[in-house]
1. Scan the stretch 13-25 and tell me whether some residue there is at pLDDT 70 or above and surrounded by 10 or more Cβ atoms within 10 Å (Cβ to Cβ).
2. Please identify the pairs in which a residue from the stretch 1-25 that is in a helix (DSSP H, G or I) has its Cβ atom under 7 Å from the Cβ atom of a residue that is at pLDDT below 90 and surrounded by 10 or more Cβ atoms within 10 Å (Cβ to Cβ), counting only partners at least 6 apart or on another chain.
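The values are calculated or read from the model by the stated rules, or taken from the named source; none is laboratory data. None of the values given here were measured: they were computed from a predicted structure. All Cβ positions, glycine included, derive from the backbone under ideal geometry; neighbour counts span all protein chains shown.
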């Protein structure tokens, strides 16, 4: 029973820590995007 409660509390703690207000609107890399012409093609 102790292991179950410890696992449950660990999951709840990790979930609470991972949830923040940082959204993609603030992420400059997301806004820039990727130029697909500069990515080398692996398919031949």
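1. Taking the stretch 13-25 as the starting set, the residues that turn out to be at pLDDT 70 or above are 13-19.
Subsequent filtering for residues that are surrounded by 10 or more Cβ atoms within 10 Å (Cβ to Cβ) retains 13-14.
Within the stretch 13-25, one or more residues are at pLDDT 70 or above and surrounded by 10 or more Cβ atoms within 10 Å (Cβ to Cβ).
2. What qualifies is 24/30.
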